[in-house]
Every structure is written in C-alpha cells, then in structure tokens.
Amino acid sequence: MIHGVSITPFDAAAILIVLAATLGFINVRFLHLPQSIGLTVMGAIASLLVVGIDRLLPGGNLSHDVARFLDGIDFHRTLMDGMLSFLLFAGALHVDWREMHRGRWAVIVLSTAGVSLSTIVIGWGFHLLTSVMGHAVPLLWSLVFGALISPTDPVAVLDILKRTDVTPTLEATVAGESLFNDGVGVVVFAILLAAAAGSEAFSLANASVLFLREAGGGVVLGLVIGWVAVQAMSRIDEYKVEVMISLAVVMGGYALANKIGVSGPVAMAIAGLLIGNHGVAHAMSATTRDYLLKFWSVIDDLLNALLFLLIGLEVVTIPSEVLLIVIGVAAIPLVLMARAVSVLIPLVAVKPLLSLGRMAPVTLIWGGMRGGISVALALSLPHAPVRDLELTATYIVVLFSVIVQGGSIERVLATASRRIS
C-alpha cells in the first residue's frame, strides 16, 4: 500500500510492463544501447533521480514509496521462484548441444571447480578488504558473499554473445558454463549461508554430499522431464499443445525440483538443452518448431527486460553510507581478479583435452557478467549485521558488470582479436 492506495500483484506487474515498454522504446529510438544495458542504466538513473528529488525537497517521501513498491514485488522470490525457471529454459533452448559437447570439459570444470575457486578467492579477499577498511566481515560471511557474486548471469552473457564474433564452440562453452554455474552457485551459496547463520555445522563431507544431491539430482530430474516432454511431443503434431507441454516442463519441473530438494536451475538447463536439440530435431514439425522457438524468444526478451529494469530500480534500496559504497567499489577489482583466476586455472587444466583458442580467456573473463541472480541471492540474506554491506557491494559489482563490461565487451573482443591475429 502506497499513500493509502493498495497495489495488487497485477498492478505491480502492469506498472513494470509499462515502464519496461516505455523505457525500451526510448532506448531503441534514441539511445541505441543493448536492451539489457539500456534498461539497467535508465532504471538506475530513475532511482537516483528519485533519491535526489527526496534530498532536494524537504519532507520528500518518494524514495520510501518506491522502496516499498519494490519490497512488495520481492525481487528474490520473483526471480528465484518465478522468472529464473523461464529464463534458464529459454536460454538453454537455443544452445547448440553439438558445439557445447565439444567444450564439455571446460563447461564442467568452469561451472564446478571454477565457481568454488572464485568463491574462495573472493571470500578471503573480501575478508581482508573489509578488515583493512575497519568494517571486518567474518570469513564465513565473506565466503557467502563470494558464493553469491561468483555465478555469471546466463541472461546477460547470452544476450551479449549474440552480437560478438567468437567461434561457435567458444560461444556454446560460455553459454553452457553460465547456465550451469548458476545452479552450482545457488547450491554453494545455500550451503555456506546455512553454516554462516549457524543453522548447520559446516563440514566438507556434508557440503559435498549436499552438493552432489542437489546438483546431481537436478541433472537427473532435467533429463527425466525433458525426455518425457520429447516423447509426448513426438507422438502428436499440434503446436499449441506442444508449447503447453514446454510450459508444463518449466513450471511443473521447477516446482517439483523445489519440493524434492534438488537444483531447479540445473534441471531447467538440462531440460532446455534436451528439448532445444533432440526435441527440435526429432520430435517437432517445422510449424511447431517455428512457433515454439518464437514463443520462448518472446518470453525470454520480455523477462529480460523486466529483470534488468528491476536491477536498475533496486538502486534506490542501496544504503547510502559512504564506507559501504567505498567497499563495494573496491570489491570490483577483487571480483574481476577472482574471475581471471577461476578461468585461467581451469583452462590450463583442460588444455590436454580441449583448446578453446586464444580468444577464450578474454571472452570468459570479461564476458563473465554478474546479474539478477547475484542480486536475488543478496536480497535473501538474513538481517544480520553484514547484510547491508554485502547487499551494497553486490549492487555495485552488478551495475559495473552490466554497464561497463556489457557495454564494452564487443570492443574488447574486437581489439583482442586484432592483436591475436
């Protein structure tokens, strides 16, 4: 409720859709930025204007109203329990399995060992950074921050790669890594958060069992529901029903994953790969294939627009304490360094099995963008003393990632390509 006016979930959705459409039009018509970057920038500018107006006008309450509106949407629940299943499935649907299979060892190592290595590097570094700045965060809580900021956002990465000139195998590897490190990162975050909050004692053995159960269970569930969907689609030729079957996979499969305690994000990535490759090739007519892929393309673009708009708007909720902002800015090079370490070491490890080419390091490092998943995980942190600091650092790193990395990735790759050639 804002100023006595009750905002229903439909009202909130309508406001966001109107905002996304309006700002999307302004971006396409005048700014010509990539859609994800344009909506994030304009959302952030709108949030900063709201804060500025409140400070200029005595008694202003606009930022409080916007913050209450965003709290009502519940970014964490909206993304993790709603949008994420659709986004991951849609992203996986368009990944070429044959190309990703060529880079499978890199995908596996980067999305498991890479995420773990990044979590450790960022965790230790954040602990030292905050200690030096007089705002020490305990090591376990620093590792929680490392876990939530380590996964690269498949939404951001896949959108950027569509416009870059990299080999199909490298593109599929980057897409595959970003899809799977998402699920792995969520599992690692949950394990470390339970230990940091004191609800479970941390041990490597227990963490490994939980990780295998959630991630491995997600793989099995994704294969099962994807196979059932492909079999059903192969026995009929009615595009409307087949699109409904794909929707059932996403909504029913994600809900089932949450109920049985396995990773929903991993399950959606596997199911999307199976339907998008085997299903599209062997279980669908040309008409169904056209309708299904276009339907999910529209869903993908719409949810992308809402996600990046929300990331921009959430700036209004960042605490304005100067020290927290300084620490957040200082976390940017730490996160980039950890990404470099977690990419270069795995690439060296898999080199005897696969070489992705000389463009792989720069593509994976600078293209390792953070996005909505990190923000959603940060918002799920309990109201502990470190919450405001980790939330502020997350927002700042994500904004830098989307705006700076996303806005420069094409130029960076083009420059690197010229130097290598």
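The values are calculated or read from the model by the stated rules, or taken from the named source; none is laboratory data. Just so you know, these numbers come straight off a predicted model, no measurement behind them. A quick note on method: Cβ atoms are made from the backbone with ideal geometry, for glycine too, and the neighbour counts reach across all protein chains shown. Surface accessibility is based on the protein's heavy atoms, side chains included, excluding ligands, DNA and RNA. Shrake-Rupley method; radii C 1.70, N 1.55, O 1.52, S 1.80 Å.
Just a few scattered comments:
- Qualifying residue in region 299-309 (condition: modelled with pLDDT of 90 or more and not acidic (Asp, Glu)): yes
- The set of residues in region 19-61 that are surrounded by fewer than 16 Cβ atoms within 10 Å (Cβ to Cβ) and over 25 Å from Gly407 (Cα atoms) comprises Gly52, Ile53, Arg55, Leu56, Leu57, Pro58, Gly59, Gly60, Asn61.
- Among (1) without any contact (Cβ under 8 Å) to a residue 40 or more places away in the chain; (2) in a helix (DSSP H, G or I); (3) open to solvent by 40 Å² or more (accessible area, probe 1.4 Å); (4) more than 30 Å from Ser47 (Cα to Cα), the one test that Pro352 misses: (2)
- Hits in region 288-311 (condition: open to solvent by less than 10 Å² (accessible area, probe 1.4 Å) and not aromatic (Phe, Trp, Tyr)): Thr288, Leu292, Leu307, Leu309, Leu310, Ile311
- Here is the figure for region 355-391: residues that are more than 24 Å from Ser131 (Cβ to Cβ), open to solvent by 30 Å² or more (accessible area, probe 1.4 Å) and of a type outside the set (Gly, Ala, Ser) total 7.
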